[in-house]
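The structure is given below, and queries will be raised subsequently.
Throughout, read-outs are computed from the coordinates displayed, never taken from laboratory work. Because the structure is a prediction, the values reported are computed rather than measured. Note that we place each Cβ from the backbone using ideal geometry, even for glycine, and neighbour counts take in every protein chain shown.
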Amino acid sequence: MNRDGSLVVREDVTFDFRGAHQGIFRRIPLSYTREGFEYPHILSGIGVYDDANHPLRTEVSYPNGSVVIKAWVPGAVNTKKTVSFVYHVRRGVLGYADHDELYWNATGTEWNVPIAAAEVYVTLPTGIGDAEVRTAGFTGPLGVAGRMAVAWLLTLPAGAVVGAAAAAAAASGTAGTVLVAAVLVIAAGVIHGLSRRRPVTAATVNDAPPARPLAAAHAHAAA
């Protein structure tokens, strides 16, 4: 992190190549949306290096609001190789009235293969102590927090409406009570039927999907 708010980012990614591949792809969005505002990522100085810090043959393109980095990796056949992506981000740190903020998606969401582990290190400018820094981390699919908020906003009012309608029907007499009971039984049957379409077993409660062969599942290894 630089004092002018720019960043020098280095991503050391270890790829597990299964089968024969020519290289890899890395896709980075050129903007992100937060709290209804769109913030651009201005990238420059893009380079790709092998584990001996030798530059790799690279092509850079800009499709659909992203930068796509393609790098050729010699000997990418049934082996593990570490590739380093290095780039400069202008205005990576946003300034607010009472603080400056680095809001960064460290791993990205553009991978079609599992990420076994990830670590993030941030080097601050000289003179900024640990006591002056607050950190927060987020995991999970992109946008999951927003979808959860929308679900709650819809579920709570809908529950209130259904509860009020059931109370009004039950208050009308025996027929209303029977109607409410019948609706509940039918709803329970529908929910049970839907749940049996994919039964809950040890294979369906894991957070991470099982690893797939890279040759069959890759979108970031150039064939």
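With θ set to phi - 60°, apply the Karplus curve 6.51 cos²θ - 1.76 cosθ + 1.60 along region 37-42 and write out the HN-Hα couplings as whole Hz, x wherever there is a Gly or Pro.
My calculation for region 37-42 gives 10, 9, 10, x, 10, 9 Hz in order.
Highest mean first, what order results for 127-136, 169-178 on Cβ atoms within 10 Å?
On the way: 127-136: 7.9, 169-178: 12.0.
In decreasing order of mean packing, 127-136, 169-178 become 169-178, 127-136.
Once R0 is set to 45 Å, what does the formula 1/(1 + (r/R0)^6) return for the Cβ-Cβ distance between Arg10 and Thr177, expressed as a FRET efficiency to the nearest 0.05?
0.10
Sticking with this one: Evaluate the distance, in nm, between pseudo-label points positioned 7 Å from the Cα of Ile42 and of Val162 along their respective Cα→Cβ axes.
The two pseudo-label positions are separated by 5.1 nm.
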